[in-house]
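Each remark here refers to the structure printed beneath this line.
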Amino acid sequence: MQPRDQQALLSALLADINRIILGKTEPVRMALACLLAGGHLLIEDLPGVGKTTLAHVLARVLGMDMQRIQFTSDMLPADIIGVSVFDRASGTFHFHPGPIFTPMILADELNRATPKAQSALLEAMEDRQVTIEGQTRALPAPFFVIATQNPAFQIGTFPLPESQLDRFLLKIELGYPDAAAERELLAGTDRRQMVAALVPHLSPDQLIQLQQQVRAVHASAALIEYIQAILAYTRTAPFWVAGLSPRAGLALLAVARAWALLAGRDHVLPEDVQAVLPGVVAHRLRWHDGGPGNTGKVGAGEATALQGDRTNNALRAVANGETAAHLIEAVPLP
Amino acid sequence: MARLERPITRRQSLWLLAAAITAFTPLAQHMPLWLSAFAGTAFAWRAWLTLRGGRLPARWLLVLMVAAGSAGVFIEYRSLFGRTPGIALLLIFLSLKLMELRAPRDAVVTVLLCYFLILGQFLFTQTIPTALLTCTAVILTTAALLAANNDRPSIRQQLRHAGSLLLQALPLMLLLFLLFPRITGPLWGMPEDRRSAVSGLTDTMAPGSIAQVSQSDAVAFRVAFKSAPPAQASLYWRGLVMPDFDGRAWRVRETREAYTKPPYSQQPSEQPSPENKPVDYELTLEPHGKRWLFALESPLILPAESALTRDYQLLAHQPIRTRQRYALSSSPAIKKGLADPVDVLRASLALPANSNPRTRALAAGWRKQHGTGNGADAAIVKTAEDFFNRQLLSYTLNPPLAGQHSVDEFLFDSKRGFCEHFASAFAFALRAAGVPARVVAGYQGGEVNPVDGYLVVRQYDAHAWTEVWLAKQGWVRIDPTAIAAPRRIDSNLASAIPATDTPPFLMREQMPWLKALRYRLDAVNNGWNQWVLGYDPQRQRDFLQRFGLDPDWRNMTALLATLCGLALLILTFWVLRQREKMDPAHRAWRRFTRKLAKRGVVWQAWEGPDTFAARATQKLPGQAEKIHAIARCYANLRYARHASYADTPPNDGIAQSHGVAHRKTLANGLTRLNQLINEL
């Protein structure tokens, strides 16, 4: 594929998605970048804002089979991975693969399931294989999980621990659509029909090829230094419980590469890093107790002063709990 | 500058508070109590503001408090100038400055005040503990300064950073300490209001006065002998000469300098023998607030700024208010006062009327017995010595109180006395017999510290003896104490007094480990005094001469300037090298941003090239094309494949050939970037 064709293809693909998911250009682009970077996506939002639709659309345009797993509190790992059933006719055990053996999985309301069921999925995500009764079975490639999560304050949820959250390359929020988008949604055709009418733009092989291209996007020494500066900053700043892990650094670089590719560049710019920063760091950095704005390190009087001080966005971002916004302005380019 | 307007965070104000407290605490003992209360209130208020939040006090209130504090200082000292009032004023400013921490500028002012006050401690004491305390305070204050600029690092990191910064400053400090031209006088001397010494000999000797001095184990002076020290029994450190007696106390009379050079000299005719060989030594005298100096008999040269009185008392021109070091050479065999004027001798015969009748009668008998012929005086002295010996006088720290006729009571009734009783009685008896005599006070003996070899003379070595004038011999030293208690002279006080008397604490022999520890501590203290506090022009000269340098102040300044210049040069090279390491593309970019800053678009350090270009073109639409071109060119050089210098592959064979080509494209790109920027 020529670079020019490839660029046209990616634009067409994004245009198709945006035709159905209205007014969410940025999150959609992030979702695609996450997929191209070969990672898994976590969508955290209220029910009904189009999480499931986004998964459906992505699966359609990328030509991937999709299975949906609705997580419930009585779910068992076997419901995800599959079971071995004794076949009376042949006298042997026969493996019935679970929904996980599908290229794209929509894990709906992941935080409703017990930690046991959650970890069955998360381990499969990390290893890209499952081991059942001593036999290791590879998962299809590409393999992509979109998990959705209700905000944790809802009743009957098991919030994912940070170590598990780290396995999702990106976390995005969709949020309510704006007025114009909502009007179009209400007036327009049924989204289900539109999804069914979508044509795949890519074959699985092409998708794998694209993923390889992402890995080849160039990150210069200066850029690596910038990412290191961000990591170092999160580890010394007083605002968070713990700094970013090396895995988070790798994630940041991977998504930034995909972002650069989506922009049609073969090298990463600091702007790419800054653009994907919210999705990468928001779920990985936990504010000190008392929440943002009162991190325990900034005095109450000083925090108010921070908010009043319009000249300094970085500190205002801290007061508002905007992790990425703060990081961007607090870390100078090398 | 948005950066400078950043408010002071909680961490920063806690750092500053800690620095202020460490700067204040050691000074508190020299300040009036109300000032400590004042500062304490301010510190507590600051802590409360920091931890609980709340408004800083209004400016008018602060002005009021400054006025109140300054008035307090003025009432206390009747002045706002001078050492103590000045420091007190600064302490008030410091505690109030903490009340107006608004911007980093205030933090810097606070830190500078702290540094100054830490230095101020040396105006009061200069001991090793003070120096250690000061080091800690400086580290803490430096950490507070670091925190004022960046409060993110932890306490440990901050302190370590401050410590390493100060360590880096150490070579420069040593250089300045060793080479900066010294002026005579102590490093921290403030003569106008130094407190005078607490213990020591006074110019009057009444019964009991030396026994009182003997209770103190403070160091009087230390002596370094150039060769082996003389025998313990001959270590008579002559200090005050007391020719006037009023029936009870002996007094110093002469305080006028008579001789700037010794009026005697070593007799060339005499063969040098162990007895009359001059002894060379260096004496470091602790301040005692009086003018007299101590020396072995008899100094051949006088220390600078000193002179001899007519009774050969060595006097400094100024009272000794700071530690003094002087080199001396004494010859024990000198006859002095052979030609003393008659009035001096006559004064040495004067006695108050009607005192001590029994002693007078006894002495009159001696004179009758020996007549007035040649050698009669010497014979009388001999008789007196015999008499003292026969009386079985006992040496004690606790003699009975003296009544009206103190000499009579001592010689005939109690027969118990301390050295002043012996000296006083002996001199009195001889005067009564018509032999010129006087009392001399000073120190006898001393203790050699085995650690550094210095002879340490303490207050409890204070002693009094007599001098008798004999024809052809001049003034002869006679120690009547030696007759009754020879061990006082041969070893020390503790071994001479009866077991029921309590010797001074440090003289007790029971705890050898304590003694060893004391020797060590004293050696450390002495080293500090000799080499740090006592690093005066003389020491500096010696030090430089050891390296073959001419210790002229001009040379010293030149040397100092050269070494400092050299250090700066090395530093400059290092900084330049760091600069060289900066990507040339980035350097060009900085040039570009500086150019745009002048046109009102300031680059934020976090802005990527595209972000900045977009913002800049909004403000400068006319230049849009050029700005975008520059940003693109820079982004390519710095972030695109094999573009930046730092990206050139490492030195292995295959990569090298690539490297050349890359370097070429790179150079082209750079030229273009610079061109674009120039055109802007």
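For segment B:9-30, taking the residues that are of a type in the set (Gly, Ala, Ser), farther than 16 Å from B:Ile87 by Cα and within 30 Å of the chain's Cα centre (by Cα), the one that is surrounded by the most Cβ atoms within 10 Å (Cβ to Cβ) is identified as B:Ala19. Does A:Glu162 satisfy the criteria of being in the same structural domain as A:Pro47 (by TED's automatic domain parsing), closer than 24 Å to A:His283 by Cβ and surrounded by fewer than 20 Cβ atoms within 10 Å (Cβ to Cβ)? Judged against the criteria, A:Glu162 is a match.
Take the residues in segment A:115-148 that are of a type outside the set (Lys, Arg) and assigned to a loop (DSSP other than H, G, I, E, B); name whichever of them is surrounded by the fewest Cβ atoms within 10 Å (Cβ to Cβ). Here the answer is A:Gly134. Does at least one position in segment B:104-125 carry a residue that is surrounded by 18 or more Cβ atoms within 10 Å (Cβ to Cβ) and under 30 Å from A:Gly243 (Cβ atoms)? Looking through segment B:104-125, at least one residue is surrounded by 18 or more Cβ atoms within 10 Å (Cβ to Cβ) and under 30 Å from A:Gly243 (Cβ atoms). Residues that are under 11 Å from B:Leu96 (Cα atoms) and either aromatic (Phe, Trp, Tyr) or part of a helix (DSSP H, G or I) (or both) within segment B:41-63 comprise B:Thr41, B:Ala42, B:Phe43, B:Trp45, B:Arg46, B:Arg59, B:Leu61, B:Leu62, B:Val63, listed in sequence order. Every listed requirement among (1) among the small types (Gly, Ala, Ser); (2) more than 12 Å from chain B (Cβ to nearest Cβ); (3) within 17 Å of the chain's Cα centre (by Cα); (4) within 26 Å of A:Pro151 (Cβ to Cβ) is met by A:Ala275 save one, (2). Counting only residues that are under 17 Å from B:Tyr281 (Cα atoms) and in a loop (DSSP other than H, G, I, E, B), segment B:326-340 holds 3 of them. Since B:Phe81 meets every condition but one in (1) without any contact (Cβ under 8 Å) to a residue 40 or more places away in the chain; (2) under 19 Å from B:Cys114 (Cβ atoms); (3) part of a loop (DSSP other than H, G, I, E, B), which condition does it not meet? Of (1) without any contact (Cβ under 8 Å) to a residue 40 or more places away in the chain; (2) under 19 Å from B:Cys114 (Cβ atoms); (3) part of a loop (DSSP other than H, G, I, E, B), only one is false for B:Phe81: (2).
Checking each residue in segment A:72-107 for being without any contact (Cβ under 8 Å) to a residue 60 or more places away in the chain and within 30 Å of A:His201 (Cα to Cα) picks out A:Ile80, A:Ile81, A:Pro97, A:Gly98, A:Pro99, A:Ile100, A:Phe101, A:Thr102, A:Met104, A:Ile105, A:Leu106, A:Ala107.
Please specify each residue of segment B:594-611 satisfying the condition of being within 11 Å of chain A (Cβ to nearest Cβ) and not aromatic (Phe, Trp, Tyr). B:Gln604, B:Ala605, B:Glu607, B:Gly608, B:Pro609, B:Asp610, B:Thr611 - these are the residues of segment B:594-611 that are within 11 Å of chain A (Cβ to nearest Cβ) and not aromatic (Phe, Trp, Tyr). The single condition among (1) more than 12 Å from chain B (Cβ to nearest Cβ); (2) touching a Lys or Arg at 6+ places or on another chain (Cβ under 9 Å); (3) part of a helix (DSSP H, G or I) that A:Leu244 does not satisfy is (3).
Listed by position, the helices (runs of 4 or more DSSP H) enclosed by segment A:1-91 that each have at least 1 residues that are under 24 Å from A:Arg167 (Cα atoms), modelled with pLDDT of 85 or more and over 15 Å from the mean Cα position of the chain (by Cα) are A:51-61, A:77-81. Of all residues in segment B:51-73, those satisfying the criterion of being within 13 Å of chain A (Cβ to nearest Cβ) and either surrounded by fewer than 11 Cβ atoms within 10 Å (Cβ to Cβ) or under 17 Å from B:Ala37 (Cα atoms) (or both) are B:Arg52, B:Arg55.
Take the residues in segment A:201-217 that are outside any helix (DSSP H, G or I) and modelled with pLDDT under 90; name whichever of them is nearest to the other protein chains (Cβ to nearest Cβ). Restricting to residues being outside any helix (DSSP H, G or I) and modelled with pLDDT under 90, the top hit is A:Leu202. Reported count of residues in segment A:264-287, each being part of a loop (DSSP other than H, G, I, E, B) and either at pLDDT 90 or above or in the same structural domain as A:Val28 (by TED's automatic domain parsing) (or both), is 2. So for segment B:31-48 (the condition being modelled with pLDDT under 90, buried (at least 16 other Cβ atoms within 10 Å of the Cβ) and charged (D, E, K, R)), does at least one residue qualify? So far as segment B:31-48 goes, no, none of its residues is modelled with pLDDT under 90, buried (at least 16 other Cβ atoms within 10 Å of the Cβ) and charged (D, E, K, R). Residues in segment B:273-332 that are among the aromatic types (Phe, Trp, Tyr) and at negative phi: B:Tyr281, B:Trp292, B:Phe294, B:Tyr326.
Residue pairs whose Cβ atoms lie under 6 Å apart, separated by 6 or more positions or on different chains, with the first residue in segment A:247-276 and within 13 Å of A:Leu170 (Cα to Cα) and the second aromatic (Phe, Trp, Tyr) and crowded, with 24+ Cβ neighbours inside 10 Å, are A:Ala275/A:Trp259; A:Val276/A:Trp259. The criterion of being out of contact with any Asp or Glu (no Cβ under 6 Å at 6 or more places or on another chain), within 14 Å of chain B (Cβ to nearest Cβ) and either on the phi > 0 side of the Ramachandran plot or at pLDDT 80 or above (or both) holds for A:Gly290.
Among the residues of segment B:391-433, the ones that are in a strand (DSSP E or B) and under 22 Å from B:Ala353 (Cβ atoms) come to 0 in all. Contact map, segment A:165-189: first residue closer than 19 Å to A:Ala248 by Cα, second residue among the basic types (Lys, Arg) and surrounded by 14 or more Cβ atoms within 10 Å (Cβ to Cβ), Cβ cut-off under 9 Å, separation 6 or more or different chains; pairs are A:Leu165/A:Lys171; A:Leu165/A:Arg284; A:Asp166/A:Arg284; A:Lys171/A:Arg284. Check segment B:336-348 and report whether any residue there is modelled with pLDDT of 85 or more and over 27 Å from B:Pro229 (Cα atoms). Taking every residue of segment B:336-348 in turn, at least one turns out to be modelled with pLDDT of 85 or more and over 27 Å from B:Pro229 (Cα atoms).
Out of A:Leu174, A:Leu253, one residue alone is assigned to a helix (DSSP H, G or I) and over 26 Å from B:Ser154 (Cβ atoms). It is A:Leu253. I'd like to know if segment B:612-622 contains one or more residues that are within 14 Å of chain A (Cβ to nearest Cβ) and among the hydroxyl-bearing types (Ser, Thr, Tyr). No: zero hits.
The values are calculated or read from the model by the stated rules, or taken from the named source; none is laboratory data. Everything numeric in this text was worked out from a predicted model, so none of it was measured. A quick note on method: Cβ atoms are made from the backbone with ideal geometry, for glycine too, and the neighbour counts reach across all protein chains shown.
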